[in-house]
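Input: a single structure, listed below in structure tokens.
The values are calculated or read from the model by the stated rules, or taken from the named source; none is laboratory data. All figures in this text were calculated on a predicted structure; none of them were measured in a lab. Positions of Cβ are generated from backbone atoms using ideal geometry, with glycine treated the same way; all protein chains shown enter the neighbour counts. Calculation scope for accessible area: heavy atoms of the full protein, side chains included, ligands and nucleic acids excluded. Shrake-Rupley method; radii C 1.70, N 1.55, O 1.52, S 1.80 Å.
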Amino acid sequence: MQVESKVIKGLVGNHAVAYAVKQAKPQVLAVYPITPQTTMLEKLSEYVESGELKAKMIRVESEHSALAAVYGAALAGSRVFTATASQGLLYMTEMIYWAGGQRVPIVAAVATRAIASPWSILDDHHDFVSKRDAIWIQLMAENVQEAYDLTIQAFKISEDKRVLLPVMMGFDGFILTHTLEKVELLPDNVVDAFIPPRDFNLIDFSDPLGIGQVASPEDYIYYRYEAQRSMERSREVITEVERDYEDITGRKYGLIDCYMCDDAEYIIVSMGAWSGDARVAVQKEREKGIRAGLLKVRTFRPFPKDEVKQIVGKSRGVVVFDRSVSYGSGGVLANEVKSASYGLDVPIHSVIAGLGGKDVRPLHMEKVLDDLALNQLEDERWLL
Amino acid sequence: MMLMRGNAACPGCPIPREIDALLEVTGQKTVLVVPASCTSVIMGDTNGMPSSVPVVHSAFAAAPAIASGIKAALNSKKEDATVVVWAGDGGTGDIGLASLSGAAERNEDIMYLCYDNEAYMNTGVQRSGLTPYGAWTTTTPEGKRERKKPIPQIVAEHGVPYVATASIAYIFDYQAKVKKAKEIQGFRYIHLLSPCPPGWRFDSSLTIRIAKLAVETGIWPLYEIEKGKFRLTSLSKTLIDKSKRKPVLEYLKLQGRFSKMTSEEVKKLQNEVDEFWEEIQKID
């Protein structure tokens, strides 16, 4: 049943996520400042100091310790949250894998940002995609509303007994973190009902465990097999959670989002904020008589293989827009799409753009789609 | 007995007894947080573990932060338990120093035990910042040229409520310190000198004798700093007078790791120890 008492506020992305976190009522937070995440940390600190959020905020000395602290708290039964970006996510990496390996429910927001060197505080997706093998569910938001919605969903997905995996919610640095948008907020009691109290604790004094201890070769691979199975199961759980969320909010989500895909001959694939620009580009192409469509990847891990293959298979040509590169290989998302489309006879092109905050507009995407339709697009094009 | 015998420690290794002595005081409601170290191996594998309390294994540099999180979660459940970081010298004073310093500065309500065997023993005796001057390791084949990093003093400078040194040879002193630390709120730090037969190159029957000599020669003074107040404890109380201290050579000569030290170098070390005690005399 849809919520009737809607609250609509103008919020920047960082504050919308902080608000969602407050409503999810974590008991322990540990955050270390990094641009462009800092205003979220500041807002959370205000919530904690004012008593609006009854949580312990551990003001750690590094991102490595931020994730370590929430990992420890999560083991001992707390709902936990942290947030970072760029260098911070890299500095956390050892603990990202550590937490993924133990399949501990944690929610982390990543305000995506380019990686040094050279320094850049502006947006791209290298930080986010670099964690694709760390046994984390990875969701990516398109706008501030979606960042708010996915944060709430992330807690529910992460703690679901069929899943028990940490969840990373990516949203583009500055483009979303610092942009004021209209956001529809759920009442607290609705969030309370949506995310039941956490039921997960590994620190039991009457039944002591060795957590993360040396695994024999026979056991180690079994841990990893179970992790993969859990990732596969999570597809169903994510879909279910998003369906329940749609019932409350009327906002439809899924592993992917398709815009004008039904009869599309040419598909642009994207992830994150510039999917909004891609929608505009698709509209413009349609006005020109080119049947374009947008396939937006919302769930980077688990990767929506079947959904992507189905859409790609109905098209005549695909171009994947990437804000990240696996150097010596290709666009990271493009590689995923190609892998998912194995066996199809559809050309899949890669466009690398927007690295380090380089501006990309609908106009640029239109040009690429024009070239795709004219069969003039290279296998890999960089928008320099 | 809190730690089962038949664990994976080397012959003559003091670590199992050190953990047992700790847990005898802190009791069943203790969580051990163990970063990469010999204890990662001693605590067994997925076939079973010897500990009767929960053990949370940790990445090398993360233990104090993990312990901070565990304590925060237990507090939010109003569950009273002692959260103990049990770490080696490398995990404490080298790779883990930032995390240790962060937890000490925040005055986290955790206990930190550093068992200091003065090198990376689990990986096969490589030099650490806490390896003493003159000691052979596989990465200092001619002996270490630098002095030992003074971690207890560094921790004390954070203004934490309790810092102490201890030794397995003076187990009542060690346990009295753990008992005191258990009753104190905030960050508590105990640094245990932990002789290692294969790494220090001595016969596995000599562990306690060598631990004892470290104290008797004044190389390892036993003390505590409670709310900033320094106090010598146990045998060390009687060692202010230089004549009561055995020559450091007696400690060095039983250990193969010091066999390449020249008499000049031994003299230099003796002088450093004497100077250290003169400083102690001024505070005590």
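Determine whether A:E159 is closer than 30 Å to B:S76 by Cα and more than 14 Å from chain B (Cβ to nearest Cβ). So A:E159 fits the description; yes. For segment A:280-313, the tally of residues that are farther than 30 Å from A:R229 by Cβ, surrounded by fewer than 21 Cβ atoms within 10 Å (Cβ to Cβ) and charged (D, E, K, R) stands at 5.
A:S216 passes every criterion in (1) farther than 24 Å from A:Q138 by Cα; (2) modelled with pLDDT of 95 or more apart from (2). Scanning segment A:316-341 for residues that are open to solvent by 10 Å² or more (accessible area, probe 1.4 Å) and not hydrophobic (A, V, I, L, M, F, W, C) returns A:R316, A:R323, A:S326, A:Y327, A:G328, A:S329, A:N335, A:E336, A:K338, A:S339.
A quick yes/no check of all residues on (1) surrounded by 24 or more Cβ atoms within 10 Å (Cβ to Cβ); (2) part of a helix (DSSP H, G or I):
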| position | (1), (2) |
| --- | --- |
| A:T151 | yes, yes |
| A:K161 | no, no |
| A:L164 | no, no |
| A:G170 | yes, no |
| A:F174 | no, no |
| A:H178 | no, no |
| A:K182 | no, no |
| A:V191 | no, yes |
| A:N201 | no, no |
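Does B:S194 meet the test of being polar (S, T, N, Q) and open to solvent by less than 10 Å² (accessible area, probe 1.4 Å)? Against the criterion (polar (S, T, N, Q) and open to solvent by less than 10 Å² (accessible area, probe 1.4 Å)), B:S194 qualifies.
Only a single item in (1) crowded, with 21+ Cβ neighbours inside 10 Å; (2) touching a helix residue (DSSP H, G or I) at 6+ places or on another chain (Cβ under 8 Å); (3) closer than 27 Å to A:E181 by Cβ is not met by A:Y266, and it is number (3). Inclusion of A:Q228 among residues that are at pLDDT 95 or above, assigned by TED's automatic domain parsing to the domain that holds A:H349 and over 18 Å from the mean Cα position of the chain (by Cα) is not warranted. Taken over segment A:39-80, residues that are in contact with a Pro (Cβ under 6 Å, 6 or more places away or on another chain) and either free of Cβ contacts under 8 Å to residues at least 40 places away in the same chain or away from every other protein chain (no Cβ under 12 Å) (or both) amount to 2. Kindly provide the set of residues from segment B:28-55 that are outside any helix (DSSP H, G or I), more than 7 Å from chain A (Cβ to nearest Cβ) and open to solvent by 20 Å² or more (accessible area, probe 1.4 Å), ordered by number. Result: B:A36, B:G48. Restricted to segment A:10-38, and to residues that are within 14 Å of chain B (Cβ to nearest Cβ) and open to solvent by less than 40 Å² (accessible area, probe 1.4 Å), which residue is farthest from A:S65 (Cα to Cα)? Checked segment A:10-38; the qualifying residue farthest from A:S65 (Cα to Cα) is A:P26. All conditions but one from (1) farther than 21 Å from B:A98 by Cα; (2) free of Cβ contacts under 8 Å to residues at least 60 places away in the same chain apply to A:Y32; the one that does not is (1).
Does B:N122 satisfy the criteria of being touching a Cys at 6+ places or on another chain (Cβ under 6 Å) and open to solvent by 30 Å² or more (accessible area, probe 1.4 Å)?
Values: touching a Cys at 6+ places or on another chain (Cβ under 6 Å): yes; open to solvent by 30 Å² or more (accessible area, probe 1.4 Å): yes.
For B:N122, the condition - touching a Cys at 6+ places or on another chain (Cβ under 6 Å) and open to solvent by 30 Å² or more (accessible area, probe 1.4 Å) - is met.
The conditions of being more than 20 Å from A:R235 (Cα to Cα), under 15 Å from the mean Cα position of the chain (by Cα) and not small (G, A, S) are not met by A:D149. There is at least one residue in segment A:186-204 that is within 14 Å of another protein chain (Cβ to nearest Cβ), out of contact with any strand residue (DSSP E or B) (no Cβ under 8 Å at 6 or more places or on another chain) and among the aromatic types (F, W, Y).
Of all the criteria given as (1) charged (D, E, K, R); (2) at the interface with chain B (Cβ under 10 Å from one of its Cβ atoms); (3) outside any helix (DSSP H, G or I), the one not satisfied by A:E94 is (3).
Quick grid of which residues meet (1) closer than 18 Å to B:A8 by Cα; (2) of a type in the set (F, W, Y); (3) in contact with an Asp or Glu (Cβ under 7 Å, 6 or more places away or on another chain); (4) at pLDDT below 95:
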residue	(1), (2), (3), (4)
B:C38	yes, no, no, no
B:G69	no, no, no, no
B:K77	no, no, no, no
B:W86	yes, yes, no, no
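Given the condition farther than 23 Å from A:D204 by Cβ and either surrounded by 24 or more Cβ atoms within 10 Å (Cβ to Cβ) or within 14 Å of another protein chain (Cβ to nearest Cβ) (or both), answer yes or no: does some residue in segment B:66-82 qualify? So that I can check it myself, show each step before the final result.
Quick first cut of segment B:66-82, residues farther than 23 Å from A:D204 by Cβ only: none.
Within segment B:66-82 (the criterion being farther than 23 Å from A:D204 by Cβ and either surrounded by 24 or more Cβ atoms within 10 Å (Cβ to Cβ) or within 14 Å of another protein chain (Cβ to nearest Cβ) (or both)), the answer is no, since none of the residues qualifies.
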